[in-house]
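Working notes, beginning with the structure itself.
Taken together, the values in this text are just the output of simple stated rules run on the coordinates, not laboratory data. Keep in mind that this is a model prediction, so the values were computed, not measured. Backbone-built Cβ (ideal geometry, glycine too); neighbour counts: all protein chains shown.
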Amino acid sequence: MKLNDNPLALVTGASAGIGAASARALTAAGARVLLVARRVERLQALAAELPGAEVLALDVRDADAVRSGLRERPIDIALLNAGLARGTATLQEGDPSDWDEMLDTNVKGVLHCARAVLPGMLERGRGDMVLLGSVAGRQVYPGGNVYNASKFAVHALYQALRLDAGGRGVRFTTLDPGMVETEFAKVRYRGDATQAHAVYEGMQPLTPEDVADALVYAVTRPAHVNVGEIVLWPTCQSSTRDVARS
């Protein structure tokens, strides 16, 4: 699966996990990648592996920084991947600062990036905008509450983009994986390696490369084909609540 014309691909949250794997896969498919995240040292290390890669240290929660950093760049493919979860408290016991961090990153970060790059895509009459959603945006689970809400919002934004910009040459995709072994659990549990490890114990989760492979499939289809929704589950996971463990 190859891309034509050496397109410029934006990858947010590129410093680790799905973002880093996607940057590698897009480069292998023929894209030039623009790596965006806050951890610039990690971005620089990744860029050293990828011919033609650029690094942009950016916090997607900062609307002004996103606008100034991205609006003049001719982005052909945008993977809006930056996101996180914090904690598993019930809603009535939740920490509003955690809510702010999740909503500002997972929802407003997508809005800021889409607002910055979509006008250029529409002007050129082509492009791929891929939102990294989650099965958590399709089914809630105990302890998910605000994270679930943020990913349900991402799914709604995908649907809204299809209506707001439909018929103008830009393709929109929501890529919604189940359990993927990344730093996600470690971030959710604030660095507690024991809790993070337990999330994946006794089961075979998806890998970041599995998700990246699906991304490349979507953006390498013929121009008249829009792969709109991709849902990926580990074979052992039957819902957001149900996982067969050994």
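In this structure, residue 91 does not qualify as closer than 19 Å to residue 157 by Cβ, surrounded by fewer than 18 Cβ atoms within 10 Å (Cβ to Cβ) and hydrophobic (A, V, I, L, M, F, W, C).
Kindly indicate whether residue 111 is under 19 Å from residue 18 (Cα atoms) and not aromatic (Phe, Trp, Tyr). It is false that residue 111 is under 19 Å from residue 18 (Cα atoms) and not aromatic (Phe, Trp, Tyr).
Taking the stated definitions as given, is residue 193 surrounded by 18 or more Cβ atoms within 10 Å (Cβ to Cβ), small (Gly, Ala, Ser) and free of Cβ contacts under 8 Å to residues at least 40 places away in the same chain?
Details: surrounded by 18 or more Cβ atoms within 10 Å (Cβ to Cβ): no; small (Gly, Ala, Ser): yes; free of Cβ contacts under 8 Å to residues at least 40 places away in the same chain: yes.
Here the answer is no, as residue 193 does not meet what is asked.
Within region 200-246, track down each residue that is free of Cβ contacts under 8 Å to residues at least 60 places away in the same chain, within 29 Å of residue 128 (Cβ to Cβ), of a type in the set (A, V, I, L, M, F, W, C) and surrounded by fewer than 17 Cβ atoms within 10 Å (Cβ to Cβ). If the condition is that a residue be free of Cβ contacts under 8 Å to residues at least 60 places away in the same chain, within 29 Å of residue 128 (Cβ to Cβ), of a type in the set (A, V, I, L, M, F, W, C) and surrounded by fewer than 17 Cβ atoms within 10 Å (Cβ to Cβ), then 225 is the only one that fits.
Specify which of the listed residues (227, 211) is within 21 Å of the chain's Cα centre (by Cα), among the β-branched types (Val, Ile, Thr), in a loop (DSSP other than H, G, I, E, B) and more than 20 Å from residue 140 (Cβ to Cβ).
Details: 211 fails: in a loop (DSSP other than H, G, I, E, B).
The unique qualifying residue is 227.
Scanning region 16-30 for residues that are assigned to a helix (DSSP H, G or I) and either without any contact (Cβ under 8 Å) to a residue 12 or more places away in the chain or hydrophobic (A, V, I, L, M, F, W, C) (or both) returns 18, 20, 21, 23, 25, 26, 28.
With the structure loaded, tell me whether residue 13 is crowded, with 24+ Cβ neighbours inside 10 Å and in contact (Cβ under 8 Å) with a residue 40 or more places away in the chain or whether it fails that test. Full working, then the answer.
Working: crowded, with 24+ Cβ neighbours inside 10 Å: yes; in contact (Cβ under 8 Å) with a residue 40 or more places away in the chain: yes.
Yes; evaluated as a whole, the condition is true for this residue.
Just for region 35-58: of the residues that are surrounded by fewer than 16 Cβ atoms within 10 Å (Cβ to Cβ) and charged (D, E, K, R), which one is farthest from residue 12 (Cα to Cα)? Here the answer is 49. Only one entry in 82, 53 is without any contact (Cβ under 8 Å) to a residue 60 or more places away in the chain, out of contact with any Pro (no Cβ under 6 Å at 6 or more places or on another chain) and under 24 Å from residue 27 (Cα atoms), namely 53.
Can we say residue 185 is touching a Lys or Arg at 6+ places or on another chain (Cβ under 6 Å) and closer than 16 Å to residue 85 by Cβ?
Numbers: touching a Lys or Arg at 6+ places or on another chain (Cβ under 6 Å): no; closer than 16 Å to residue 85 by Cβ: yes.
No; evaluated as a whole, the condition is false for this residue.
Evaluating residue 159 against the criteria (1) over 18 Å from residue 88 (Cα atoms); (2) among the polar types (S, T, N, Q); (3) touching a helix residue (DSSP H, G or I) at 6+ places or on another chain (Cβ under 8 Å) leaves one unmet condition, (3).
Scanning region 99-111 turns up at least one residue that is farther than 18 Å from residue 13 by Cβ and not acidic (Asp, Glu).
Quick check on my filter: what residues within region 160-178 are of a type in the set (A, V, I, L, M) and either more than 18 Å from residue 133 (Cβ to Cβ) or surrounded by fewer than 24 Cβ atoms within 10 Å (Cβ to Cβ) (or both)?
160, 161, 163, 165, 170
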